[in-house]
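Chemist: Structure incoming, see below.
The values are calculated or read from the model by the stated rules, or taken from the named source; none is laboratory data. Computed from a predicted structure; not experimentally measured. Cβ sites come from the backbone with ideal geometry, for glycine too, and all protein chains shown count toward neighbours.
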Ligand SMILES: *Cc1c(COP(=O)(O)O)cnc(C)c1O
């Protein structure tokens, strides 16, 4: 990584400082304190092969390089690569790690798109998969086959908000020569640092909390091993699913406020989870911040705070869940998550519809909330009114 280090200790090491400064020195040609959106697709060379580090925009771009440096630093990674979407990042990571004949272990409630990628796109090329309950690391060895190459972790999981012990799963996986990938989209590097906990690869949908404002699609992969980083850089260039410079700028801009946004997401979510926990229209709240959550102790150990996502089971079943999702006004009925505005969705029919009929099928009474940054009293009122409508 290439940080400008000043004479008095350079960047410092605090997360908030690195989020604002890592990879983003003042522009040397103008002094601009904001990383320029560099639109050039090609870069002048002094002589053949003699250039300032950039040749062609798919292979490398200055705005993208700033994002890659910054986010790799925040994940404590040797190398980070930005992609056009979270799915493009996942595709590059899987291509680097698995070949026909290999086997992948997925969590029981993987992100729907991850499940679709592995079960439809990769299975068609001869890669097999199993779904396992990763909240039971001791049971994991039984799922491994001699051809298992990857165990894919999400924590908190989507949409059931289960907590996976990254350290414990990594230990079992590594004992079997299996590579550990963590989708860190829900937690972000501010709340959780998977590489420090033993994982090998971190992937992100930067579309969510990192971008943070529902205005850009992007993905990221970060690795502890420089050789795997080179392989991913090869695939990034060879497959070409790169983000545009403006999208990289938006994610960089989002990251600058990540820490303060996450603090408030977590605070608002904790308040809302406590209200839901007491409401008669709610059968069960799935939020790792609640003492009653089975993964609470692990989450408290491996996360800084418990995140901005909450799921709950409607006491009145699927019909009540659909009614609640339709009744809120501030909580917008929409897919996606992780931005300033609060969202509500029905995973069974929306984000996780592609898992229907599979081991990853979700409870039809489940509702998922992405708690935003509005006044928490307004959010509480909106949810209470919607829940009261379906209370028997
Ligand atoms: C959204 C999401 C993805 C996919 O990212 P895109 O940017 O939509 O391609 C992957 N994992 C998780 C956990 C997500 O929420």
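Chemist: Within the set of pairs 6 or more residues apart or between chains, which connect a residue that is crowded, with 20+ Cβ neighbours inside 10 Å inside segment 132-144 to a residue that is assigned to a helix (DSSP H, G or I) with Cβ atoms less than 6 Å apart?
Modeler: 134/169; 137/168; 137/169; 137/172; 140/172
Chemist: Which condition number in (1) at pLDDT 95 or above; (2) in contact with a strand residue (DSSP E or B) (Cβ under 8 Å, 6 or more places away or on another chain); (3) within 16 Å of the ligand (Cβ to nearest atom) is the one that residue 108 fails?
Modeler: (1)
Chemist: Restricting to segment 346-362, name every residue that is within 12 Å of the ligand (Cβ to nearest atom) and either in contact with a helix residue (DSSP H, G or I) (Cβ under 7 Å, 6 or more places away or on another chain) or assigned by TED's automatic domain parsing to the domain that holds residue 211 (or both).
Modeler: Within segment 346-362, 351, 352 qualify.
Chemist: Run residue 113 past the list (1) at pLDDT below 95; (2) in contact with a helix residue (DSSP H, G or I) (Cβ under 8 Å, 6 or more places away or on another chain); (3) buried (at least 20 other Cβ atoms within 10 Å of the Cβ) and report the number of the one that doesn't hold.
Modeler: Residue 113 satisfies every listed condition except (3).
Chemist: Here's a check for you: in segment 324-340, which residue that is part of a loop (DSSP other than H, G, I, E, B) and away from the ligand (no atom under 16 Å from the Cβ) is surrounded by the most Cβ atoms within 10 Å (Cβ to Cβ)?
Modeler: Residue satisfying both the conditions and the ranking: 331.
Chemist: Which condition number in (1) without any contact (Cβ under 8 Å) to a residue 40 or more places away in the chain; (2) in contact with a helix residue (DSSP H, G or I) (Cβ under 7 Å, 6 or more places away or on another chain); (3) within 14 Å of the ligand (Cβ to nearest atom) is the one that residue 343 fails?
Modeler: Every condition holds for residue 343 apart from (2).
Chemist: So, in segment 181-199, of the ones that are more than 16 Å from the ligand (Cβ to nearest atom) and not in a helix (DSSP H, G or I), which residue ends up surrounded by the fewest Cβ atoms within 10 Å (Cβ to Cβ)?
Modeler: My answer is 198.
Chemist: From 81, 94, which residue is more than 30 Å from residue 13 (Cβ to Cβ) and either in contact (Cβ under 8 Å) with a residue 40 or more places away in the chain or away from the ligand (no atom under 16 Å from the Cβ) (or both)?
Modeler: None of the others qualify; the one that does is 94.
Chemist: Tell me yes or no: at least one residue of segment 207-217 is assigned by TED's automatic domain parsing to the domain that holds residue 151, more than 16 Å from the ligand (Cβ to nearest atom) and modelled with pLDDT of 95 or more.
Modeler: For segment 207-217, residues assigned by TED's automatic domain parsing to the domain that holds residue 151, more than 16 Å from the ligand (Cβ to nearest atom) and modelled with pLDDT of 95 or more: absent.
Chemist: Could you please find all residues in segment 15-46 being in contact (Cβ under 8 Å) with a residue 40 or more places away in the chain and on the phi > 0 side of the Ramachandran plot?
Modeler: 23, the sole residue that qualifies.
Chemist: Given the conditions (1) assigned to a helix (DSSP H, G or I); (2) over 25 Å from residue 362 (Cβ atoms); (3) without any contact (Cβ under 8 Å) to a residue 12 or more places away in the chain, which single one is not true for residue 177?
Modeler: The single condition residue 177 does not satisfy is (1).
Chemist: Does any residue of segment 210-223 turn out to be surrounded by fewer than 24 Cβ atoms within 10 Å (Cβ to Cβ), in contact with a strand residue (DSSP E or B) (Cβ under 9 Å, 6 or more places away or on another chain) and within 30 Å of residue 41 (Cα to Cα)?
Modeler: Within segment 210-223, one or more residues are surrounded by fewer than 24 Cβ atoms within 10 Å (Cβ to Cβ), in contact with a strand residue (DSSP E or B) (Cβ under 9 Å, 6 or more places away or on another chain) and within 30 Å of residue 41 (Cα to Cα).
Chemist: Test residue 102 against the stated conditions and say whether it is buried (at least 18 other Cβ atoms within 10 Å of the Cβ) and more than 16 Å from the ligand (Cβ to nearest atom).
Modeler: yes
Chemist: Just a yes or no: is a residue in segment 42-56 touching a strand residue (DSSP E or B) at 6+ places or on another chain (Cβ under 7 Å), modelled with pLDDT of 95 or more and in the same structural domain as residue 197 (by TED's automatic domain parsing)?
Modeler: yes
Chemist: If I ask for residues that are surrounded by fewer than 19 Cβ atoms within 10 Å (Cβ to Cβ) and assigned to a helix (DSSP H, G or I), which ones from segment 310-323 would you list?
Modeler: 317, 318, 319, 323
Chemist: Working only within segment 355-383, note down all residues that are part of a helix (DSSP H, G or I) and loosely packed, with under 15 Cβ neighbours inside 10 Å.
Modeler: Residues satisfying the conditions are 377, 378, 381.
Chemist: Every residue in segment 153-180 that is within 13 Å of the ligand (Cβ to nearest atom) and in contact with a helix residue (DSSP H, G or I) (Cβ under 7 Å, 6 or more places away or on another chain), please.
Modeler: 153, 155
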